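Here is the structure we will look at, set down as structure tokens.
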Amino acid sequence: QVQLVESGGGLVQPGGSLRLSCAASGSIFSINFMGWYRQAPGQERELVATFTSVGSTKYADSVKGRFTISRDNAKNTMYLQMNSLKPEDTAVYYCNGRRWPHDYWGQGTQVTVSS
């Protein structure tokens, strides 16, 4: 069984930065990290950033230019660097990974952007 654990969330002022981490454990085989999602109160889960089938990256329009997704497969860890944070970025952020035939989700980490 694979477990994904997000960390790095917290309270930050508008314009500030945070780096989220997603660590995988529970298997001797590496997981395929797929991307980051978020869910705000009363809203549906939305895609924030993902790795594409051609090895590039894709971002939601609302975060493009401010967020950067990356991964270190040797460390079984995926990251989301978030800069120039806005109050509308407030949400629970989830990481997603895949190891055939299963899909895995972390428990989420809260990000709150407020003065």
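The values are calculated or read from the model by the stated rules, or taken from the named source; none is laboratory data. Please read these numbers as outputs of a predicted model, since none were measured by experiment. Backbone-built Cβ (ideal geometry, glycine too); neighbour counts: all protein chains shown. Side chains are part of the model used for accessible areas, which takes the heavy atoms of the whole protein and leaves out ligands, DNA and RNA. Shrake-Rupley method; radii C 1.70, N 1.55, O 1.52, S 1.80 Å.
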Inter-site label distance for K86 and R99 at 7 Å from Cα along Cβ, in nm: 3.8 nm
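Counting heavy atoms of the protein chains only and a 1.4 Å probe, report the per residue accessible area for the chain as a whole number of Å². Each step should come with its number before you reach the end.
Working: 6520 Å² over 115 residues.
Spelled out: the 1.4 Å probe surface of the chain, per residue, equals 57 Å².
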Among S62, M82, H102 - extreme Cα towards positive end, dipole of the stretch 45-115, charges at beta-carbon: H102
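Quick one: dipole size for the stretch 56-115, taken about the Cα centre, charges +1 on Lys/Arg Cβ and -1 on Asp/Glu Cβ, in debye to the nearest 20.
Numbers: 8 positive and 5 negative charges, 44 e Å.
In debye, rounded to 20, the stretch 56-115 gives about 220.
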Karplus 3J(HN,Hα) series, Hz, for the stretch 77-90 with 6.51 cos²θ - 1.76 cosθ + 1.60 (x for Gly, Pro): 9, 10, 10, 9, 7, 10, 10, 6, 5, 10, x, 6, 7, 4
Dipole moment magnitude, nearest 20 debye, the chain about Cα centre, only Lys, Arg, Asp, Glu C-beta charged: 240 debye
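Rounded to the nearest percent, how much of the accessible area of the chain (1.4 Å probe, protein heavy atoms only) is carbon and sulfur?
Numbers: 3090 of 6520 Å².
Taking all protein chains in place, the chain shows 47 percent carbon and sulfur surface.
Counting other C-beta atoms within 10 Å, and keeping those with at most 15, which DSSP coil trypsin sites (Lys or Arg not before Pro) do you find in the stretch 1-85? Could you put the intermediate results ahead of the total?
On the way: sites: R19, R38, R45, K58, K64, R66, R71, K75; in loops: R45, K64, R66.
Those that pass, being in a loop and sparsely packed, are R45, K64, R66.
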Stretchable slack from E44 to Q110, in nm (0.36 nm times residue separation minus alpha-carbon distance): 22.2 nm
